[in-house]
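Trainee: There's a structure below that I have some questions on.
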Amino acid sequence: MKTFCGRANPTTGALDWVEESEEYDYHQEIARSCYADMLHDKDRNEKYYRGIRAAVERVKARGEQAVVLDIGTGTGLLSMMAVSAGADYCYAVELDSCFQVFRPMAEAAVCIVERNGFSNKIKVINKHSTEVTVGLGGDMETRANILITELFDTELIGEGALPSYEHAHLHLMQEGCEAVPHRATVYAQLVQADQLWSWAQLQPIEVTGFKLLPPPAVRRCAGAPSVCDIQLSQVPPESFTPLSPLCTMFSMEFSKPVSSTPQSHSCRFVAQASGQAQVVLSWWDIDMDPKGTIVCTLAPRWTYDNPRCYPWRDHWMQSVYFLPAEERVMEGDECSLTVSHDDYSLWFSLQPHSQQISEKEAVVSRPYCTCQAHLVWTRPRFGELNDTQRTDCYVRALRSVLKADSVCLGVSDGSLLPIFAHLLGANKVYSLESSGLSKQIIEQVLEANSLKGALQVLLVRPEQLTTDDLGGQQVSVLMGEPYFSTSLLPWHSLFFWYSRTALARLLRPDAVILPQCGILYIVAVEFQDLWRIRAPCGTCQGFDVRPMDKMIQQSLDFRESREAEPHALWEYPCRALTPPYPVMTFDFTQLVPEEPLNSEGTVPFIRSGLCHGVVLWMEYQLTDHVTVSTGLMGPVTEQGTCHWSPHRKQGVYFSPSPWDSPGDSRAALSYSLTFEPSVGDIRMDFCSTSTL
């Protein structure tokens, strides 16, 4: 049986639906899962184990048999903990009601349970939890009196925890049951955070004395409704101003019936500083026992007295919510912060104290995008457009190549470059857009700034553009950032090169191409924590989980281990073990070649450490003197510290196992890369080699 998978096609700039074997989808699901990260989460695992032991003891103290229901069992780890803690029997359900049943995971759980000798006390049920039956001949002989779950995501309820709990209490659990975790509490803090806010709204942009304003519809828009989940520990506290104390927004107990009905909860506070209320930082913790003595918290590193005690994890992060509009708050103001939720998501709103919303009142309606811009531009893309230093680079580059008679053509998605070219004095400017929505947004920007008609926005593919579309003129400046919404990996933006090739017939012989070229860079790195998502676990809390390691590795070997994957590395600290090194140059002044481009060589390891993989990114040489990077934003420090672009994701090639870097040039990173023009992708291979 075949399956269709979306895949970025740099040759067309489109997301192609490619027919793959059924095995591909299966292996993708496993290879990109978070199971390794969860198994390496020592803090989570230890606290679950302690909470489970305590719950079993409480049930036994009442003279009852301990019958456990584990919803979303995954590897079966929590079920094995329960039986080891003295539970009489455990029903392990894989998966819960919000996910498709994933049979390979249930099979792995069965294998792990057998390997650890618990088959006689753990029954793995490969059903949705809502389909589990109780009674004679059912999946469960009796209702359980201990409910164990790990149904949480960064937003707490985003994986459908509420409806799963609601159903379990109604149909699968005894009244007065124990639950691990026992309670969850959501916290929030209102802040002014200009850098984060730049991800939510288009801000005025200065270009040669002209202030380019966002359209009124964009300024009024509440923005994208979804949570922004990030590693908040990597957002420095000095980059934002707390306007409220840390507020306890609401708690829910899981040993009692849970409702999935939409609700609102408010917290009153006195503003502790003056500023623009823009962003809500939020996280949660879970109490594994009723007394709250066993707590697993998602609080960011900078809340810890000793940051070394911070337990890193990527399967749970922290949440950033953007208010529908920024509001001025003065120190001493009495305010009310309200959180509302439905089955799967949270959203926040701010009211003066006098307008506090009663929890009995109707839930505050969920904000949504009304301007379309938040459908065209991702949050990092908003940040990129608002980056003044980046804008200055493009303005300087354009100023150096534009002439009074320049005919400019822009090729990028939702780009402001063509508007910059007009403001800098170009004679005629055209912009190619790939979608009707992005065309509409750029036209709104033009109208909001009284620039309607200043340039033509064309919804035409490069190969279909004609001289008639350009008023019979030839292009003297072809420009791009380049940025394309379908790009996943850095080199996917090479669609600009394919567009330049398709447009060659419309270019003047002396046409300027901006950027002139793209350069692919690599650097070998030691990750502080990100390595955990790919590292085998072996044993977890004394349980043998090697079958899971094997299943993940087999799926990685299917294809993933030979490919790079996108990661926003500003969230994941790493040390450079080699110098940043250019390995391939794509000359945009020339046509895309018909034959593959190959690059092989070595880069010396100059710092000691464990090499977990190789980072790849593109740098674009706009002119002879202006370059923009989608990766490193400055020189690597003497210690190897890297500062990455917050706007684009970098490519990461994980090594099958860590390579030792002696740091004295006795070893080197060996690389082999091949750019295939027919598909626009790069095949790569890396290994460590001795230089002796």
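Trainee: What residues qualify as long-range amide H neighbours of Leu323, i.e. H under 5 Å apart, gap of 5 or more or another chain, H built at 1.01 Å from N?
Mentor: Here Val279, Val280 satisfy the definition.
Trainee: Let me check against my output: what whole-number percent is the relative contact order of the chain, with C-alpha pairs under 8 Å and at least 6 apart?
Mentor: 13 percent
Trainee: I've got another one for you. Across region 314-443, how large is the tail of the calculated P(r) beyond 25 Å, expressed as a percent of all Cα pairs?
Mentor: Of the Cα pairs, 51 percent sit more than 25 Å apart.
Trainee: Tell me the mean residue ellipticity at 222 nm calculated for the chain from its helices only (DSSP H runs of n ≥ 4, each -39500 (n - 2.57), averaged over every residue, nearest 500).
Mentor: -6000 deg cm²/dmol
Trainee: Specify the angular offset, from 0 to 90 degrees and rounded to the nearest 10, of the alpha carbon long axis of helix 161-171 from the longest principal axis of the alpha carbons in the chain.
Mentor: With rounding to tens, the tilt is 30 degrees.
Trainee: Let me ask something additional. How much area per residue is accessible in the chain when the probe is 1.4 Å and only protein heavy atoms are counted (Å²)?
Mentor: On a per-residue basis, 41 Å².
Trainee: Using amide H atoms built 1.01 Å from N in the peptide plane, name the residues 5+ places from Ala273, or on other chains, whose amide H lies under 5 Å from its own.
Mentor: Result for Ala273 returns Gly332.
Trainee: Given a cut-off of under 8 Å on Cα pairs at least six residues apart, what relative contact order in percent is computed for region 83-216?
Mentor: The normalised contact order for region 83-216 reaches 19 percent.
Trainee: Under the rule of at least 5 residues apart or a separate chain, name every residue whose amide H is placed under 5 Å from the amide H of Cys574.
Mentor: Long-range HN contacts for Cys574: Gln528, Cys642.
Trainee: Can you list the HN-Hα couplings for region 330-342, worked out from phi with the Karplus curve (6.51, -1.76, 1.60; θ = phi - 60°), rounded to whole Hz and with x for Gly and Pro?
Mentor: Listing the rounded values in order: 9, 3, x, 4, 8, 10, 9, 9, 10, 10, 10, 8, 10 Hz.
Trainee: Would you mind calculating the relative contact order of region 406-495 from Cα pairs under 8 angstrom and at least 6 residues apart, reporting the percent as a whole number?
Mentor: Reported as a whole number, the value is 37 percent.
Trainee: Looking at region 612-692, which trypsin sites (Lys or Arg not before Pro) are DSSP coil and have at most 15 other C-beta atoms within 10 Å of their C-beta?
Mentor: Arg666
Trainee: Follow-up. Within region 288-397, report the GluC sites (Glu not before Pro) that DSSP leaves as loop and that have at most 15 other Cβ atoms within 10 Å.
Mentor: Qualifying residues, ordered by number: Glu331, Glu359, Glu361.
Trainee: Could I ask something else about it? Taking Lys47 as the anchor, which lysines have their alpha carbon closer than 24 Å to its alpha carbon, excluding any fewer than eight residues away along the same chain?
Mentor: Lys60, Lys121, Lys123, Lys256, Lys291
Trainee: Under the Karplus relation 6.51 cos²θ - 1.76 cosθ + 1.60, θ = phi - 60°, what is the ordered set of whole-Hz ³J(HN,Hα) values for region 187-192, x standing for Gly and Pro?
Mentor: Once θ is set to phi - 60°, the couplings for region 187-192 become 10, 8, 9, 7, 9, 9 Hz.
Trainee: Here's something else I'd like to know. Roughly how many Å² of Met249 are accessible to a 1.4 Å probe, to the nearest 10?
Mentor: Accessible area, nearest 10 Å²: 10 Å².
Trainee: Run the accessible area of region 486-587 with a 1.4 Å probe and give the carbon-and-sulfur part as a rounded percent.
Mentor: Result for region 486-587: 54 percent of the exposed heavy-atom area is carbon or sulfur.
Trainee: Give the Kirkwood hydrodynamic radius (Å, one decimal) of the chain, defined as one over the mean of 1/r across all pairs of different Cα atoms.
Mentor: Roughly 27.8 Å, rounded to one decimal.
Trainee: So if each residue of separation counts as 0.36 nm, and I subtract the Cα-Cα distance between Asn598 and Ala404, what length gain in nm does that give?
Mentor: That pair, Asn598 and Ala404, stretches by 65.8 nm at full extension.
Trainee: So which aspartates and glutamates pass the test for Lys439, namely a Cα distance under 19 Å, with those fewer than 8 places away in the same chain ruled out?
Mentor: Result set, ordered by chain and number: Glu384, Asp413, Glu447, Glu463, Asp469, Glu481.
Trainee: Return the aspartates and glutamates within reach of Lys452: Cα separation strictly under 12 angstrom, same-chain partners fewer than 8 residues apart disregarded; answer none if there are no such residues.
Mentor: Glu443
Trainee: Moving to a separate point now. Pull up the DSSP beta bridges for the chain and report the antiparallel fraction as a percent, rounded to 5.
Mentor: Bridges in the chain that DSSP calls antiparallel: roughly 75 percent.
Trainee: Can you give me the distance in nm between label points at Ser435 and Ser657, each placed 7 Å from the Cα along the Cα-to-Cβ direction?
Mentor: So the label points at Ser435 and Ser657 sit 4.4 nm apart.
Trainee: Enumerate the calculated ³J(HN,Hα) couplings along region 193-210 in order (Karplus 6.51 cos²θ - 1.76 cosθ + 1.60, θ = phi - 60°), each rounded to whole Hz, writing x wherever the residue is Gly or Pro.
Mentor: Values per residue, Gly and Pro as x: 9, 4, 5, 5, 5, 5, 7, 10, 9, 6, 9, x, 10, 8, 9, 6, x, 9 Hz.
The values are calculated or read from the model by the stated rules, or taken from the named source; none is laboratory data. Bear in mind that the values here come from a model prediction, so they are computed numbers and not experimental data. No Cβ is skipped: glycine too gets one built from the backbone with ideal geometry, and neighbour counts run over all protein chains shown. To get the accessible areas, we keep the full protein, side chains included, count just its heavy atoms, and leave off ligands, DNA and RNA. Shrake-Rupley method; radii C 1.70, N 1.55, O 1.52, S 1.80 Å.
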